[in-house]
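Data block below; observations after.
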Amino acid sequence: MADRLYPPSEEFVRHAHVQGMEGYRALYERAKEQPEEFWGELAEKELDWFEKWSHVFEWNPPFAKWFVGAKLNASYNCIDRHLTNGRKDKPAFLWEGEPGDQRVITYQELHRLVCRFANVLKGRGLQTGDRAIIYMPMVPELPVAMLACARLGVTHSVVFGGFSSEALKARIQDLAAAVVITADGGWRRGKEVRLKPAVDEAVAECPSVKNVIVYQRTGSDIPMQDGRDHWWHELDKDVSDDCPAVPVDSEHPLYVLYTSGTTGKPKGIQHSTGGYLLQVRMTMKWVFDLHDEDIYWCAADVGWVTGHSYIVYGPLAAGATSIMYEGAPDFPAPDRFWQIAAKYRASIFYTSPTAIRAFIKHGDQWPAKHDLSSLRLLGSVGEPINPSAWEWYHKTIGGERCPIVDTWWQTETGSIMISPMPGAAPLKPGSGTFPMPGILPEIVDLEGNPVEQGREGFLILKRPWPSMLRTIWGDPKRYADQYWSRVPGCYFTGDAARQDADGYIWVLGRVDDVMNVSGHRLSTMELESALVRHPAVAEAAVVGKPHEITGQAVVAFVTLKQGDWKPEELAEDLRKWVAKEIGSFAKPESIRFSDGLPKTRSGKIMRRLLREIVTNNTVAGDVTTLEDLGVLTTLAAQHDDEA
């Protein structure tokens, strides 16, 4: 059966920034043929600079520089310039807390909050080149803290509030952060998620941290250490509203965001200021077709790259009004998202396939209770969306009138790489569609040769782009090896893909040992390292299996040290252990105990075979390199020992 096409309506095309496939092709060809002129013109037009660049681009593979020698400030571009272009009284954020509290923060008010907190940081001795860790709930003070850091040239790293103290400690230590900005807690499904106790535990082994600044959100009683810990509101009392933005180099590290690697140590993905800011600004325009009157809602958490690029830096650089919500999508009822979308008259809604599958499971009656007629564009992020979920999203949420932008990108890419332009491309459910201007993807085999049309291969990017990661913090060799060595001179995405006869790109998921669980990227090595730290565990192998809600669920295969272990109790204990070591979202759905694991003769665990077992309960793949076939037979005969 041929793929069904969903062309944009004539009315949508008429008002779109990029109109029709002719408009897309002209833009794409210009960026392909004259990349430096293309990005240079956009940089001049779309951002404010304190000093101009000597040249647009410098490439010493695999290290790139964009807008070389230029100076700017991300905070200035996200706030200050809107105070003089007619947007100072426009809401930057429409915020809703899970308990129902609300705030409207205009660009003028955001400027005041950011300047004051930047002065708080200055008062604690922070200056350009220092690093800050931000570990907060989804409150407006989270973007305020990010923008205050950016204002001073302090490189920030946001750590998702669901991470444990161990995960937090590893990130503080790797970054040698001088300050941790946190809160007493936040609200999630009616319960307080306490954050400060995890900070106390982490910071005990982090001598670089001189200050912990605590925002009061829940009001719960928490210990405060004299000299080190400070309440945000008390430090804020005596500071000025005036704090000029510090000009920083275009290549200055704006932030470091940690993501799972294929080794046990998380990778600090380092993003620049100028190139990053330009490309998130442009993709707001190209992908979301953002207009001044839009009410935009990206329902991600700021702790992930989606929140950095499409809640904070992209929307604010574009002068958007964004909805920001603190809590769970299904609390106190499964229609919380739809109630918020209707209340604030959202016109653009951007969420994950995991969330969409959960909405489907709850049933159509929940969105049906609300007037969603204000929506004009829907988006999907985090993993490929399956066609049936796409169709439901289009029909039930979008009323069959809203284009869906199915976006492919990564923490490392900084901004959206492959996506429809909604006023240009006819849509195919499940396809990422076409590359953004300036992005040159190719699908290749193991030798780096292009594969035939329709065949699966490895997705690579053949040319550097402005928002690309610059390095892995403190580890340039790992950066070069991991991303640029598989196909020399090209960025290896780690994803499989195919391209159909119409040129549409279909991204098929990870080809390395990284899982995508509810949009959280988890490496097998990080999970296995956590399990093996448990005193009962001799060895562990972790794989993902398909899951209708979370995309993938974690299944752990565990061999035990000698001892009198009770499997049922131990399985639950191991799940709690992983939650403590990494975070509750990483807990294995099931744990299977075994006397051995399938290994090659050189000792490498064959996770591919374990994936086949959890997916099909059989093994059809190549087993010629397997050391002991009996192990495989035993595992295939088992069923999930659900914890």
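Just so you know, all these numbers are worked out from the coordinates, no wet-lab data involved. Nothing here was measured: the structure is a model prediction, and the numbers come from that model. Ideal geometry is used to build each Cβ from the backbone, glycine not excepted, and the neighbour counts take in all protein chains shown.
Mean separation of Cα pairs under 8 Å and 6 or more residues apart, divided by the residue count, gives region 67-151 a relative contact order of 33 percent. By other beta-carbon atoms within 10 Å, ranking ASP221, ASP371 with the fewest at the front produces ASP221, ASP371.
By the beta carbon rule, with partners counted only under 4.7 Å, the chain holds these lone Cys residues: CYS78, CYS149, CYS206, CYS298, CYS402, CYS490.
Going from the residue with the fewest nearby Cβ atoms within 10 Å to the one with the most, HIS55, HIS17 rank HIS55, HIS17.
Rounded is the label for the chain, because a/c, from the alpha-carbon gyration tensor with a ≥ b ≥ c as root eigenvalues, stays below 1.5. Among bridges DSSP assigns within the chain, what percent are antiparallel (round to 5)? Taking every DSSP beta bridge with both residues in the chain, the antiparallel ones total about 60 percent. Residues in region 309-330, backbone N under 20 Å from the label point at THR84 (7 Å along the Cα-to-beta-carbon vector): list them, ranges by number please. The answer is 316-320, whose backbone nitrogens lie closer than 20 Å to the label point. Ranking of ARG478, ARG345 by neighbouring Cβ atoms within 10 Å, starting from the fewest: ARG345, ARG478. One compactness figure for region 67-143 is 1.28, namely its Cα radius of gyration divided by 2.2 N^0.38 Å.
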